[in-house]
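Undergrad: Structure in structure tokens, see below.
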Amino acid sequence: MMNFASGMALGDASSLWSLIPKTPPPAVALKLESRGGVLGLPASPMTCSIEAEKPPNRTTELQPSVEQPDGNSVWRSNKDIAPFARPLSVSSKSAYPDDNKKVRISFKGLPGSHSEDAALTAYPNCESVPCNEFEDAFKAVELWIADKAVLPIENSSGGSIHRNYDLLLRHRLHIVGEVQITTNLCLLALPGVRAEQLKRVLSHPQALSLSENALNRLGVVRENVDDTAGAAQYVALNNLRDAGVVAGARAAELYGLNILAEGIQDDLGNVTRYLVLAREPIIPRTDRPYRTSIVFTLDEGPGVLFKVLALFALRDINLTKIESRPQRNCPLRVVDDSNMGSAKYFDYLFYIDFEASMAEPRAQLVLGHLQEHATFLRVLGCYPVDVSR
């Protein structure tokens, strides 16, 4: 049987890190030009957007990664950054060592967003690279604009962020860490504006949903914006004295707003879990709690999923998360299971997180047996558990 830990450490394409055939990445075109912030506002620093050759129905642009003294902008390619990154080892003191190097972290949103808070929690001295979309944050790492990406994957009240599960499979980045932060939502407004003067409140739909009780008491109209920090920027730049914002405290500091109330979320213990993604996997160890994330598909049949889950139970491996997503390329499976003809079923991808390191024999054994049942299997990452909560 394959030695999974060795295969992962070497980045062997035949290991379980990648059991699907490698396909050439789609050609990407980069635009380097000035752009507005969210809602068409003046640009914020380093807002990153990356456009494929066949773009979706939106205009995406890339802010310069390096600004020259003469005002011209350039971006650095692979050849400008040497040498190629090797698999990272994990320090015994920190799950996120930076070796005194300023790590560039991409995330979705503007400075002051909760995703940037997560990036600063993982790497306090990092250089943040704001991006327009979740996929842009992935591409920023793949194109060497950023070293790592930090993206939300689940919230204790709102549940899973399905878009990021889909992107984990579409892109070739590896999970190298996780960050769990408690959500602290604040009601913000321009200096001198009181809460009773507010007629509307702007924020991301989930932030508005998480603070529903407080907003009901205010009796304000709620307006959806793509990003909490973007809402703060919009109110500040347009001097909207009738509008408040639900965002974090750092957004108030960055955009010159006052905090009218703190901790307005309905659940004071609300936690969001973020994943740290990199181009190369880390080398798993056994000196601390580790989590492994995998994705797989199964053949149709009675009890197949039960048999797979039993593999973990028989080796005393705790499952911390299971998520299913329909396969986008082939969502329906036709099965002739009756005398009356064929039936159609959704074909699913199963995402599982379990508490074990790939360096442990029990994890290697369970994945070896899982491979016998799975039609597709990929290890998304093996990384230290965030035990700060």
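Undergrad: What does the extension gain come out to for PHE376 and ASN125, with contour length at 0.36 nm per residue minus their alpha carbon separation?
TA: Numbers: separation 251, 0.36 × 251 = 90.36 nm, distance 3.88 nm.
Result for the pair: 86.5 nm of gain on full extension.
Undergrad: Please list 131-137, 238-244 highest first by mean number of surrounding beta-carbon atoms within 10 Å per residue.
TA: Values: 131-137: 24.4, 238-244: 17.1.
Ranking, from highest mean packing down: 131-137, 238-244.
Undergrad: How much of the pair distance distribution for region 115-216 lies past 15 Å, counting alpha-carbon pairs only, in percent? Intermediate values should be presented prior to the final figure.
TA: Details: 3620 of 5151 pairs.
Distances greater than 15 Å cover 70 percent of the Cα pairs.
Undergrad: In Å, what Rg and Dmax follow from the Cα atoms of region 199-247?
TA: Considering region 199-247 through its Cα atoms, Rg and Dmax are 9.8, 28 Å.
Undergrad: Taking only protein heavy atoms and a 1.4 Å probe, what accessible area per residue, in Å², does region 154-213 have with all protein chains in place? Before the final figure, lay out the partial values.
TA: Numbers: 2260 Å² over 60 residues.
With the other protein chains kept in place, region 154-213 gives 38 Å² per residue.
Undergrad: How large is log10 I(q)/I(0) at q = 0.26 Å⁻¹ when the Debye formula is applied to the Cα atoms of region 243-291, each weighted equally and without solvent?
TA: Listed by q, the Debye log ratios stand at -1.10.
Undergrad: When the accessible area of region 201-258 is computed with all protein chains present and a 1.4 Å probe, what percentage of it is carbon and sulfur? Please report the intermediate quantities before stating the final value.
TA: Working: 1030 of 2450 Å².
Exposed carbon and sulfur together represent 42 percent of the surface.
Undergrad: Where in region 184-200 is the amide nitrogen less than 13 Å from a point lying 7 Å along the Cα-to-Cβ axis of ASN238?
TA: Answer for region 184-200: 200.
Undergrad: What is the packing order of peptides 276-282, 177-183, 147-153, taking the mean over residues of other C-beta atoms within 10 Å and listing the highest first?
TA: Details: 276-282: 22.4, 177-183: 20.9, 147-153: 25.3.
In descending order of packing, they fall as 147-153, 276-282, 177-183.
Undergrad: Also, quick follow-up: Dividing the convex hull volume of the alpha carbon atoms of region 202-298 by its residue count, what do you get in Å³ per residue?
TA: Numbers: hull volume 19.8 nm³, N = 97.
Output value, Cα hull per residue: 204 Å³.
Undergrad: Calculate what fraction, in whole %, of the accessible area of region 110-151 sits on carbon and sulfur atoms when a 1.4 Å probe is rolled over the protein chains.
TA: Working: 450 of 960 Å².
Accessible surface attributable to carbon and sulfur in region 110-151 totals 46 percent.
Undergrad: Follow-up. Tabulate in residue order the Karplus-calculated ³J(HN,Hα) for region 351-361, using 6.51 cos²θ - 1.76 cosθ + 1.60 with θ = phi - 60°, rounded to whole Hz; enter x for Gly and Pro.
TA: 9, 10, 10, 9, 8, 5, 8, 5, 7, 8, x
The values are calculated or read from the model by the stated rules, or taken from the named source; none is laboratory data. Computed from a predicted structure; not experimentally measured. Cβ atoms come from the backbone with ideal geometry, glycine included; neighbour counts cover every protein chain shown. Ligands, DNA and RNA are excluded from the accessible area calculation, which covers all protein heavy atoms including side chains. Shrake-Rupley method; radii C 1.70, N 1.55, O 1.52, S 1.80 Å.
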